[in-house]
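The values are calculated or read from the model by the stated rules, or taken from the named source; none is laboratory data. Given the structure is predicted, the values throughout are model-derived calculations rather than measurements. Virtual Cβ from ideal backbone geometry, glycine too; neighbours counted across all protein chains shown.
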Amino acid sequence: MVFTGNYGFDWCTEAEGWRTVTWATWNDLKGNLVDTHGGRFNHLTGWASPPNIKYSRWCEAATDLDNATGNFWLDKWEIFYIGGIENLATLQALDEQDLSSGTINTLKTAFDRWKPVYPNTLVHGNIIGTESRFYNGYDTYLVTAKPDLAFMDAYEFNGNGGTLDKHYYALKTMRAFGKIGIGSTQYAEPIPYGMWYQCMSMMGRQQTQPEVCLAMYSPIAYGYKVLKGWVYSYNANIQTTYADVLFSNDNDTGRTAYFDIMAENNRQIELMGDTLVRLSNEGVWDVNDENGQIPAWSPSDIPEITDISATDDVVISKFVPLHEDFDGSSYNNETYFFLLNGNVPWADTSKTPANTAQTITLTMGGGITALEAIDLSSGAGAGTIETIPVIGGTVSITLDGGRGKLFKFQTGAPWVGFYNGE
């Protein structure tokens, strides 16, 4: 989650109204990663950060990358504030750059300097992911600069030509580059992929509540490992281009319904997180063939599922463990699948996740008698594995608009992310 510059966690001058987002607000939003958009970490509120929080930061100036000056390095106060460099999760170089040979070499120089100093930090650049022209040179960038993450931003819920087609184009394309990887032989050295997703209104267009959900859950369907939300907490002077949706005031007061929706999304996604980071995405399909960027689903894609019935758009994707040790030596080739309710009417601000919910009915073959899932409720069972019986060969699952859930066929195999060894 990023609160950009003086629009967020940074303390501002008295003339600017002392705008800030407090750690209490952050805790209620249930985020687990803070990005300051190039600002020093020790400019955040308080003398030191709360425990169990990871951080990301940027260095946007090409000259700083070339010379290792400016905010290229974390200073000693930042390292103290975040509790050590082990809490620096990602470090981004530049932003939305065309990948000329000079830029690629600048990024390579930065990554080569960063990797020994921050050995447990994922270093990466960032491009606009929604149009093919922005990927010119991306394959060369991967092989030459060797980032730890393939990374983009995609803000298509806007009033200047944004479309769902562009959103899904971005998701599939950056996924493909992550799979191709950084090796001289394609697919020999794949890397994880991530993105900035949108949680703001842009260019005169209000982002709707189900669209916020779709922006957060649809990357999961494609196997994205790092998700950062682009959020404003400051409205003045940017209303015509960007506008906050989480707060009604120019700070962290006046929380809107969007705040609660994002907090719930964060809560659910984090419950699935330990499993998702250990899975490899093997395919994404559109059940009702409603989006030209997603191939149509057929029963051969996940043979255990012989039919899927839904009124509106549904996306299904397949996952397998990244390594067989993640669920023990007694089981192999376990299949997980993610269901996404894509019923998100474009730009319809009357819609909510609840009133765009739909029930999806799966017909099972192969003797499947039950599914398993991580309990995403807010009750006592949250985060545990729940069993969902298959009755008469079918099972029905209801998902809010824009939200999704991870499932596994009940085979006796332990869940990846929950397995502690035999």
Strands (runs of 3 or more DSSP E) contained entirely in region 200-310, each with at least 1 residues that are surrounded by fewer than 21 Cβ atoms within 10 Å (Cβ to Cβ), polar (S, T, N, Q) and over 21 Å from the mean Cα position of the chain (by Cα): 305-309
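This table checks each residue for (1) touching a helix residue (DSSP H, G or I) at 6+ places or on another chain (Cβ under 6 Å); (2) under 23 Å from Arg57 (Cβ atoms).
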| residue | (1), (2) |
| --- | --- |
| Lys108 | yes, yes |
| Pro119 | no, yes |
| Asn126 | no, yes |
| Glu131 | no, no |
| Gly181 | no, no |
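Here's the yes/no breakdown for (1) under 26 Å from the mean Cα position of the chain (by Cα); (2) aromatic (Phe, Trp, Tyr):
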site: Leu33; (1), (2): yes, no
site: Ala48; (1), (2): no, no
site: Tyr55; (1), (2): yes, yes
site: Trp58; (1), (2): yes, yes
site: Leu74; (1), (2): yes, no
site: Ala93; (1), (2): yes, no
site: Glu96; (1), (2): yes, no
site: Leu107; (1), (2): yes, no
site: Arg113; (1), (2): no, no
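Before we move on, is Ala145 surrounded by 15 or more Cβ atoms within 10 Å (Cβ to Cβ), assigned by TED's automatic domain parsing to the domain that holds Val245, farther than 15 Å from Met195 by Cα and not polar (S, T, N, Q)?
yes
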Check whether at least one residue in region 395-416 is free of Cβ contacts under 8 Å to residues at least 40 places away in the same chain, in a loop (DSSP other than H, G, I, E, B) and under 27 Å from the mean Cα position of the chain (by Cα), and report yes or no. no
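Pick from Tyr419, Tyr336: which is under 28 Å from Lys172 (Cβ atoms), surrounded by 15 or more Cβ atoms within 10 Å (Cβ to Cβ) and touching a helix residue (DSSP H, G or I) at 6+ places or on another chain (Cβ under 8 Å)? Break it down into steps so the answer makes sense when it comes.
Numbers: Tyr419 fails: under 28 Å from Lys172 (Cβ atoms).
Checking each option against the conditions leaves just Tyr336.
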Which listed residue, of Lys76, Lys108, Lys54, is under 17 Å from Ile182 (Cβ atoms), surrounded by fewer than 20 Cβ atoms within 10 Å (Cβ to Cβ) and not acidic (Asp, Glu): Lys108
Within region 209-263, the count of residues that are polar (S, T, N, Q), modelled with pLDDT of 95 or more and farther than 20 Å from Asp400 by Cβ comes to 0
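Residue-by-condition table, conditions (1) within 30 Å of Tyr258 (Cα to Cα); (2) in the same structural domain as Ser298 (by TED's automatic domain parsing); (3) of a type in the set (Val, Ile, Thr):
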residue	(1), (2), (3)
Val314	yes, yes, yes
His323	no, yes, no
Leu339	yes, yes, no
Trp346	yes, yes, no
Gln358	yes, yes, no
Thr363	no, yes, yes
